[in-house]
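What follows is a single structure, written as structure tokens, with notes after it.
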Amino acid sequence: MELLAPIGPIRSRRMFGGHGLYADGLFVAIISSDQLYLKTDDQTRPRFMAAGCEPFRYDRRAPDGQVTTASLGYFQPPEEALESVVLMAPWARLAMEASLRSANAKPAKTIKPASDAAPRPRARKAG
């Protein structure tokens, strides 16, 4: 997790049989089978692919029992990036940028307005 220090403090949460890594509340990476995978999107994925990075893949079983391999938008960083924070920094920033774009693309949560009905008068105590 120290390798991701350039994007801020990292928080880890168990998931997927591994760990999800968060920076500033954004999901930026997965650790699975002792491998780090960084979040990508349409803008950053080509950089990872050009560097020969491998995507995160997992097997899933369909209701009919068929096992298929699925892929998420997470890629391993280049091998040399695992050697130092300095070499990892540009890859970590790409993951953070992809996470920010993903978060900004989601519709904002709307708050339900209070009922349009007029308030009911309070019952008076008999007395």
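The values are calculated or read from the model by the stated rules, or taken from the named source; none is laboratory data. Predicted, not measured: the structure shown is a model, and the values here were computed from it. Glycine also receives a Cβ, built like all others from the backbone with ideal geometry; neighbour counts cover every protein chain displayed.
State yes or no: is PRO6 modelled with pLDDT under 95 and part of a loop (DSSP other than H, G, I, E, B)? The answer is no for PRO6. For the stretch 15-36, the set of residues classified as touching a residue at least 24 places away in the same chain (Cβ under 8 Å) and in contact with a Leu (Cβ under 8 Å, 6 or more places away or on another chain) consists of ALA23, LEU26, PHE27, VAL28, ALA29, ILE30, LEU36, listed by residue number.
In the stretch 55-96, of all residues being of a type in the set (D, E, K, R) and in contact (Cβ under 8 Å) with a residue 12 or more places away in the chain, the one that is farthest from THR40 (Cα to Cα) corresponds to ARG57. For the structure I just gave you, tell me whether SER99 is in a strand (DSSP E or B) and not aliphatic (A, V, I, L, M). Judged against the criteria, SER99 is not a match. Within the stretch 3-14, residues that are closer than 19 Å to PRO90 by Cβ sit with their Cβ atoms under 8 Å from residues that are in a loop (DSSP other than H, G, I, E, B), at 6+ positions apart or across chains, in these pairs: LEU3/SER84; ILE7/ASP24; GLY8/ASP24; ILE10/MET1. Evaluate the stretch 46-55: report whether one residue or more is in contact with a Pro (Cβ under 9 Å, 6 or more places away or on another chain), within 23 Å of ALA103 (Cα to Cα) and part of a strand (DSSP E or B). Checking the stretch 46-55: not a single residue is in contact with a Pro (Cβ under 9 Å, 6 or more places away or on another chain), within 23 Å of ALA103 (Cα to Cα) and part of a strand (DSSP E or B).
Per-residue answers, yes or no, for (1) buried (at least 18 other Cβ atoms within 10 Å of the Cβ); (2) modelled with pLDDT of 95 or more; (3) at positive phi:
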{"position": "ASP34", "(1), (2), (3)": "no, no, yes"}
{"position": "LYS39", "(1), (2), (3)": "yes, yes, no"}
{"position": "ASP64", "(1), (2), (3)": "no, no, no"}
{"position": "GLY73", "(1), (2), (3)": "no, no, no"}
{"position": "ALA89", "(1), (2), (3)": "no, yes, no"}
{"position": "MET96", "(1), (2), (3)": "yes, yes, no"}
{"position": "ASP116", "(1), (2), (3)": "no, no, no"}
{"position": "PRO121", "(1), (2), (3)": "no, no, no"}
{"position": "ARG124", "(1), (2), (3)": "no, no, no"}
